């Protein structure tokens, strides 16, 4: 299984409704991409102060690398990713993506 972690530094001026809309676009891909198993979405609530300005994030579990590849290439993902980049502090620098294999 591949765990796809995305953390976002949304612009402070971005309305909460727009943040929610952008993140719902990512969740809406689940029924469209075979092997997209689960998603968790939420704001950063870490009390340690180590969030480095990342205000929101999501984690998607994919069956395998092929499912993740189908997700990344999906035209609706490309649109959602464009919305994310346009809404972040620093464009693409306002997004941190980290994927890893989950055993089991």
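In this structure, residue 41 does not qualify as in contact (Cβ under 8 Å) with a residue 60 or more places away in the chain, within 11 Å of the chain's Cα centre (by Cα), surrounded by 12 or more Cβ atoms within 10 Å (Cβ to Cβ) and closer than 16 Å to residue 6 by Cα. Of all residues in segment 77-92 being in contact (Cβ under 8 Å) with a residue 12 or more places away in the chain and outside any loop (DSSP other than H, G, I, E, B), which is farthest from residue 32 (Cα to Cα)? So, considering only residues that are in contact (Cβ under 8 Å) with a residue 12 or more places away in the chain and outside any loop (DSSP other than H, G, I, E, B), the one farthest from residue 32 (Cα to Cα) is 88.
Conditions tested, residue by residue: (1) surrounded by fewer than 17 Cβ atoms within 10 Å (Cβ to Cβ); (2) touching a helix residue (DSSP H, G or I) at 6+ places or on another chain (Cβ under 7 Å).
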{"position": "60", "(1), (2)": "no, no"}
{"position": "71", "(1), (2)": "no, yes"}
{"position": "77", "(1), (2)": "no, yes"}
{"position": "80", "(1), (2)": "no, yes"}
{"position": "94", "(1), (2)": "no, no"}
{"position": "98", "(1), (2)": "yes, no"}
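Flag: residue 98 does not match the condition of being within 16 Å of residue 7 (Cα to Cα), part of a loop (DSSP other than H, G, I, E, B) and at pLDDT 95 or above.
The values are calculated or read from the model by the stated rules, or taken from the named source; none is laboratory data. Since the structure is predicted, the reported quantities are computational estimates derived from the model, not experimental observations. No Cβ is skipped: glycine too gets one built from the backbone with ideal geometry, and neighbour counts run over all protein chains shown.
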